[in-house]
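*Asks:* Below is the structure I would like to discuss, written out as structure tokens.
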Amino acid sequence: MENSSELRKWLDDFNLSHPLVIAGPCSAETEEQVLTIAHQLKDSDATVLRAGIWKPRTRPGNFEGVGALGLKWLQKAKEETGMLTTTEVANPNHVELALKHDVDILWIGARTTVSPFIVQEIADALKGTDKVVLVKNPVNPDLSLWLGAVERLHTADIKNLGVIHRGFSAYEKTKYRNNPEWQIPIELQNKFPDLPLILDPSHIAGRRDIIFDLCQTGLDLNYDGIMVETHHTPDKAWSDAAQQITPKTLIQIMEDLQVRKEVSVSEEFQNKLNTLRSKIDIADSQILDILSKRMKISEEIGQVKKDQNVAILQTKRWNEILGKMVLEGEEKGLSEEFVLRMFKAIHQESINHQQKILDGIN
Ligand code: PEP
Ligand code: MN
């Protein structure tokens, strides 16, 4: 992919807002539901209405979408509100139906991006289209797979491309439904600064209370837009109920967010600084997460030692760790002094955690 500003031209051509706001329900459920939500969004910053018509569900037996019928409801919503529309396509048949019903923006879902075969079929079906196509990150944290999908579309002569960051699934449960792994979209942004990058806080969060914070981080990291699942009665939604917010909440969020504007030189400096600070904040949280994981392992070791009646401090093992870490640190540009001081602090905290286990304090 060339580094051409043509990639982001569609943001201007379509006269879309900055940041681009895409909103609407996870799934189209009924005609009335789609139209009610569209009308409630009409006076918000959302310029594009989303609704899933075909729903990729991890397990069978859940609501799998209303199918092609819902495309008529999207068309009607567009006529009545003037909003553009977007839906997910997962095979060439979806593409054909979506194009026939004049859907403006098509997105490729996370479970589709993982499959080069299907992405290629979709790219072939879309060949040469001037519709906007947005590619969600694959479910697994693999930047090449994500870029590979974009490349297949680009090679099929699809000019109006963008990507959506919706987080990555992990075996371990965290506060997120899908871990953001911000370093991945940041690397993508560094490689292709002209590829519009949109945040999907809903599927990262899986819950409504952290949508605002995620949006703010996205804007601080210079994302071009957000896609937020929005429903008039979120708790009654047929899919992803816990993460949907009302159009009214979305309007409030947009009011409270600090949005970057076109700026002077000094403001540009401030923006750069803010972006770098957001990156530092993300790295710092990751450091805490990993330290907390390490301490949990220490506690497990404490339990094993307790069961076997073994002393906490194992000097030989500890000296081996230190030696190894100093060498590894050097390769990574960290001074010996720093590595030693840091690991002494980590070791002390680790001993404290193990001691608590041995003392039977939980
Ligand atoms: C969705 O946007 O409703 C959806 C199914 O998303 P994802 O592909 O990110 O899971
Ligand atoms: Mn959803």
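*Asks:* Given the conditions (1) within 16 Å of ligand 2 (Cβ to nearest atom); (2) aliphatic (A, V, I, L, M); (3) outside any helix (DSSP H, G or I), report the number of the one that residue 259 does not fulfil.
*Replies:* With respect to (1) within 16 Å of ligand 2 (Cβ to nearest atom); (2) aliphatic (A, V, I, L, M); (3) outside any helix (DSSP H, G or I), residue 259 is out only on (1).
*Asks:* So, one more: Just a yes or no: is a residue in region 201-212 more than 16 Å from ligand 1 (Cβ to nearest atom), among the aromatic types (Phe, Trp, Tyr) and closer than 30 Å to residue 54 by Cα?
*Replies:* yes
*Asks:* Now a separate question. Take residue 106 and decide whether it is in a strand (DSSP E or B), away from ligand 2 (no atom under 14 Å from the Cβ) and assigned by TED's automatic domain parsing to the domain that holds residue 223.
*Replies:* Considered against the rule, which asks whether it is in a strand (DSSP E or B), away from ligand 2 (no atom under 14 Å from the Cβ) and assigned by TED's automatic domain parsing to the domain that holds residue 223, residue 106 comes out as yes.
*Asks:* Being of a type in the set (A, V, I, L, M), within 16 Å of ligand 2 (Cβ to nearest atom), under 17 Å from the mean Cα position of the chain (by Cα) and assigned to a helix (DSSP H, G or I) is true for just one of 282, 211. Which residue is that?
*Replies:* 211 is the lone residue from the list that is of a type in the set (A, V, I, L, M), within 16 Å of ligand 2 (Cβ to nearest atom), under 17 Å from the mean Cα position of the chain (by Cα) and assigned to a helix (DSSP H, G or I).
*Asks:* Given the conditions (1) over 20 Å from residue 201 (Cβ atoms); (2) in the same structural domain as residue 209 (by TED's automatic domain parsing), report the number of the one that residue 314 does not fulfil.
*Replies:* (2)
*Asks:* Sort out which residues of region 115-144 are within 16 Å of ligand 1 (Cβ to nearest atom) and over 15 Å from the mean Cα position of the chain (by Cα), and write them in order of number. Step through it out loud before you land on a result.
*Replies:* Our first condition is that a residue be within 16 Å of ligand 1 (Cβ to nearest atom); within region 115-144, this holds for 115, 118-119, 122, 132-142.
Passing the criteria: 115, 118, 119, 122, 132, 133.
*Asks:* Scanning region 160-179 for residues that are in a loop (DSSP other than H, G, I, E, B) and within 14 Å of ligand 2 (Cβ to nearest atom), which turns out surrounded by the most Cβ atoms within 10 Å (Cβ to Cβ)?
*Replies:* 167
*Asks:* Of all residues in region 236-258, how many are surrounded by 12 or more Cβ atoms within 10 Å (Cβ to Cβ) and under 20 Å from residue 222 (Cα atoms)?
*Replies:* Final tally of qualifying residues: 4.
*Asks:* Within region 89-115, take every residue that is of a type outside the set (Val, Ile, Thr) and within 23 Å of residue 194 (Cα to Cα) and give me the one that is surrounded by the most Cβ atoms within 10 Å (Cβ to Cβ).
*Replies:* 107
*Asks:* Here's a follow-up. Please verify whether region 238-245 includes one or more residues that are in contact with a helix residue (DSSP H, G or I) (Cβ under 9 Å, 6 or more places away or on another chain), closer than 20 Å to residue 47 by Cα and more than 16 Å from ligand 2 (Cβ to nearest atom).
*Replies:* no
*Asks:* Kindly provide the set of residues from region 216-228 that are within 16 Å of ligand 1 (Cβ to nearest atom) and under 20 Å from residue 169 (Cα atoms), ordered by number.
*Replies:* As a first pass, look at region 216-228 and keep what is within 16 Å of ligand 1 (Cβ to nearest atom): 218, 223, 225-228.
Listed by number, the residues that qualify are 218, 226, 227, 228.
*Asks:* How many of the residues making up region 48-83 are away from ligand 1 (no atom under 12 Å from the Cβ), surrounded by fewer than 18 Cβ atoms within 10 Å (Cβ to Cβ) and outside any helix (DSSP H, G or I)?
*Replies:* Looking only at that region, the number is 6.
*Asks:* Something else about it: Taking residue 303, is it in a helix (DSSP H, G or I), over 30 Å from the mean Cα position of the chain (by Cα) and at pLDDT 85 or above?
*Replies:* yes
*Asks:* Scan region 37-44 and tell me whether some residue there is among the polar types (S, T, N, Q) and under 22 Å from residue 233 (Cβ atoms). Lay out the reasoning, then the answer.
*Replies:* We begin by selecting, within region 37-44, every residue among the polar types (S, T, N, Q); these are 40, 44.
Restricting the remaining residues to those that are under 22 Å from residue 233 (Cβ atoms) gives 40, 44.
Within region 37-44, one or more residues are among the polar types (S, T, N, Q) and under 22 Å from residue 233 (Cβ atoms).
*Asks:* Would you say residue 148 is away from ligand 2 (no atom under 16 Å from the Cβ), surrounded by fewer than 20 Cβ atoms within 10 Å (Cβ to Cβ) and either among the small types (Gly, Ala, Ser) or outside the structural domain of residue 47 (by TED's automatic domain parsing) (or both)? Let's see the steps before the verdict.
*Replies:* Values: away from ligand 2 (no atom under 16 Å from the Cβ): yes; surrounded by fewer than 20 Cβ atoms within 10 Å (Cβ to Cβ): yes; either among the small types (Gly, Ala, Ser) or outside the structural domain of residue 47 (by TED's automatic domain parsing) (or both): yes.
Considered against the rule, which asks whether it is away from ligand 2 (no atom under 16 Å from the Cβ), surrounded by fewer than 20 Cβ atoms within 10 Å (Cβ to Cβ) and either among the small types (Gly, Ala, Ser) or outside the structural domain of residue 47 (by TED's automatic domain parsing) (or both), residue 148 comes out as yes.
*Asks:* Separate question: Is one or more of the residues making up region 236-250 over 25 Å from residue 149 (Cα atoms), in contact (Cβ under 8 Å) with a residue 12 or more places away in the chain and out of contact with any strand residue (DSSP E or B) (no Cβ under 9 Å at 6 or more places or on another chain)? Break it down stepwise before answering.
*Replies:* If we filter region 236-250 for residues that are over 25 Å from residue 149 (Cα atoms), which is where we start, we get 236-250.
Add one more test, that the residue is in contact (Cβ under 8 Å) with a residue 12 or more places away in the chain, and what stays is 237-240, 242-250.
From the residues that got through so far, the ones that are out of contact with any strand residue (DSSP E or B) (no Cβ under 9 Å at 6 or more places or on another chain) too are 242, 248.
Yes, the conditions are met somewhere in region 236-250.
*Asks:* Which residues, counting only those in region 311-339, are loosely packed, with under 11 Cβ neighbours inside 10 Å and part of a loop (DSSP other than H, G, I, E, B)?
*Replies:* Residues satisfying the conditions are 311, 313, 332, 333.
*Asks:* Scan region 183-211 and report the pairs whose first residue is assigned by TED's automatic domain parsing to the domain that holds residue 106 and whose second residue is hydroxyl-bearing (Ser, Thr, Tyr) and surrounded by fewer than 18 Cβ atoms within 10 Å (Cβ to Cβ), with Cβ atoms within less than 8 Å and a gap of 6+ or a chain change.
*Replies:* 194/4; 194/5; 208/249
*Asks:* Take the residues of region 1-35 that are among the acidic types (Asp, Glu) and in a helix (DSSP H, G or I): which is modelled with the lowest pLDDT?
*Replies:* Checked region 1-35; the qualifying residue modelled with the lowest pLDDT is 6.
The values are calculated or read from the model by the stated rules, or taken from the named source; none is laboratory data. Fair warning: this is a prediction, and the values are worked out from it, not measured in the lab. As a convention, Cβ positions derive from the backbone with ideal geometry for all residues, glycine included, and neighbour counts pool all protein chains shown.
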